[in-house]
Amino acid sequence: MQWWRDAVVYQVYVRSFTDSDGDGIGDLTGVRARLGYLELLGVDALWLTPFYTSPMADHGYDVADPRAVDPVFGDLEAFDALVTDAHAHGLKVTIDLVGNHTSADHEWFRAARDSAPGSPERARYHFRPGRDDGPPNNWQSVFGGPAWTAMPDGDWYLHLFSPEQPDLNWTNPEVWADLEKTVRFWLDRGVDGFRIDVAHGMSKPDGLPDAVPGEPDPRFDHEGVHDVHRMLRALVDHTAGRMVAGQLCVPDERFARYLRPDELHVGLTHRLLDVPFSAEAVRAAIEDAFAAVAGTRSPPSWTLSNHDVPRPVTRYGGGPVGLARARAMALVLLGLPGTVYLYNGEELGLPDVDLPAEVRQDPTGHRDGCRVPIPWEGGPPGFGFTTGEPWLPIPDEWADRLVADQLEDTTSTLSVYRRALELRSSHPGFTGDEVEWFGAPEGCFAFRRAGSTLVCALNASAEPVPLPPGDVLLTSSPLHGGLLPPDAAAWLA
Ligand code: GLC
């Protein structure tokens, strides 16, 4: 029943996936309409980014009501229909859970704003008097600038992200009770699991001490957060087959603490998002990922992209080289044991889009480029994503990345992903929890799934190289005279 252990989870950035009503913004009914595609692609589960009531200061990660669907994305009926149909297509559904903060529009925060310093309404958040005419401590927001905003009455409130995302006070029992209510609410509607946003956040140290250079970051990874994870785990474990994965930005040596038997099932990391296309660096990152989960019951997890970082095609240099490298890395990831998270559009080889400042909407200003809607078919402006104007413009050049065309073309990036996913779920070589590395030319690596004959080889050097022995199952680019070209990977058995 531990389906997540080797699952491929597909992240749907709902806003950018498919729009069913012509307002230019993706929605739940749009996702439902594409379930056939996702089944064909061959993924096991979905992760839906927040679709809850929100003023969209951070596109849904600012939640005003965690137990309601924002009208932009649909309604509860649309959600229920999506879950029912996803299950009929053999797909699990996991959803985002934002526990670190609410929207400033949440009824709790509105009440806090309208109440006096020291009131119970303010005690659900972190309100403090200022210090020397400035904020209460020296903490910075992840999005830049001080993590505090002043109220007219002299109190300041804490927000580790945008000012529209006030941090909840996890020493307040009401905050616990409310998250529990939210989790039960969605479990009752049939979800198969959660992705915990900022899973290393939530709890804060007593007294909110200043950050000191060279010492652990007091904003995150505080001991109290583990009690939150124990609460969540107990709730999901109530029904077999439900899982909880958490976004973790903590040092490797702190990672396993979140994966104790009564905490998260899966820890998500940024590891491969920060690593250049180099055999040495990628291998080291993979080994570190295995080491970080050693001694836990959790599988390692792998991800090449998400809604917060530039897409791999762009990170690896852009153009045909960036694309070839991204395809090669897809085979590396999908060749590994563990849970793989794909981000919508990755399977199409989409690059980041360099959007003009006037159309960008992200509060950090940096993340719109990876959030441009999916080009399904047809042409501008909607590309089958919408019958209206897409919320971010889809570039004309994406006419050569259409899903409709890539489905027909056996050499397309989409076809490589489909074939890889098919092999991953059907070929007997994809067994075991470990990999063994063996000798490879400089700038290359090769690993075998332990206890199996399946081999994955990566060529990140500038020269074509001979393949390890075995029958070729799949390559990310065509072989050159029997050799693996630069910027390519192969699976053999
Ligand atoms: C996580 C999300 C990111 C969001 C932030 C605040 O890092 O992945 O998109 O902006 O949390 O909720």
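The values are calculated or read from the model by the stated rules, or taken from the named source; none is laboratory data. Computed from a predicted structure; not experimentally measured. Cβ sites come from the backbone with ideal geometry, for glycine too, and all protein chains shown count toward neighbours. Accessible surface areas use protein heavy atoms only, side chains included; no ligands, DNA or RNA. Shrake-Rupley method; radii C 1.70, N 1.55, O 1.52, S 1.80 Å.
Within the accessible area of the stretch 107-158, the carbon and sulfur atoms contribute 50%, probe 1.4 Å, all protein chains present.
The overall shape of the stretch 435-492 is oblate: from the C-alpha gyration tensor, with semi-axes ordered a ≥ b ≥ c, the ratio a/c is 1.5 or greater and a/b is no larger than b/c. Relative contact order, whole percent, for the stretch 107-158 stands at 30, derived from Cα pairs under 8 Å and 6 or more residues apart. Relative to the longest principal axis of the Cα atoms of the chain, the long axis of helix 279-293 makes an angle of roughly 50 degrees.
Expressed as a whole percent, the accessible area of the stretch 435-492 that falls on carbon and sulfur atoms is 56 (1.4 Å probe). For the stretch 181-219, backbone nitrogen atoms closer than 19 Å to the point 7 Å from Thr239 Cα along Cα-to-C-beta are found at 181-196. Considering only Cα atoms, the convex hull volume of the stretch 1-122 works out to 125 Å³ per residue. At a probe radius of 1.4 angstrom, the accessible area of the stretch 397-493 per residue rounds to 47 square angstrom. To test your reading of the geometry: what angle, between 0 and 90 degrees and rounded to tens, separates the Cα axis of helix 413-426 from the longest principal axis of the chain? Tilt of helix 413-426: around 90 degrees.
Accessible surface area normalised per residue over the stretch 1-127 is 33 Å², counting heavy atoms of protein chains with a 1.4 Å rolling probe.
Annotation: peptides 139-151, 456-468, ranked by per-residue average of other Cβ atoms within 10 Å with the highest first, follow the order 456-468, 139-151. Ranking Val340, Pro373, Pro351 by Cα position along the charge dipole of the stretch 332-375, where only Lys, Arg, Asp and Glu carry charges on their C-beta atoms, puts Val340 farthest toward the positive end. Pairs of Cα atoms under 8 Å, at least six residues apart: use those to get the relative contact order of the chain, whole percent. So the answer I get is 14 percent. The stretch between Asp400 and Arg360 holds 12.0 nm of extra length on full extension. This uses 0.36 nm per residue minus the Cα-Cα distance. Dividing the mean sequence gap of close Cα pairs (under 8 Å, 6+ apart) by how many residues the stretch 435-492 holds gives a relative contact order of 31 percent.
Subtracting the Cα-Cα distance from 0.36 nm times the residue separation, let me have the gained length for Ala291 to Ala116 in nm, one decimal. Once the chain is fully extended between Ala291 and Ala116, it gains 58.1 nm. Counting every pair of alpha carbons in the stretch 107-158, the share spaced more than 17 Å apart comes to 33 percent. Here the alpha carbons of the stretch 139-293 define both size measures, Rg and Dmax, at 17.4, 56 Å. The shape of the chain comes out prolate: with a ≥ b ≥ c from the C-alpha gyration tensor, a/c is at least 1.5 and a/b beats b/c.
Gain on full extension, evaluated as 0.36 nm per residue between Met1 and Ala81 minus their Cα-Cα distance, stands at 26.4 nm.
With all protein chains kept in place, the per residue accessible area of the stretch 323-375 amounts to 25 square angstrom at a probe of 1.4 angstrom.
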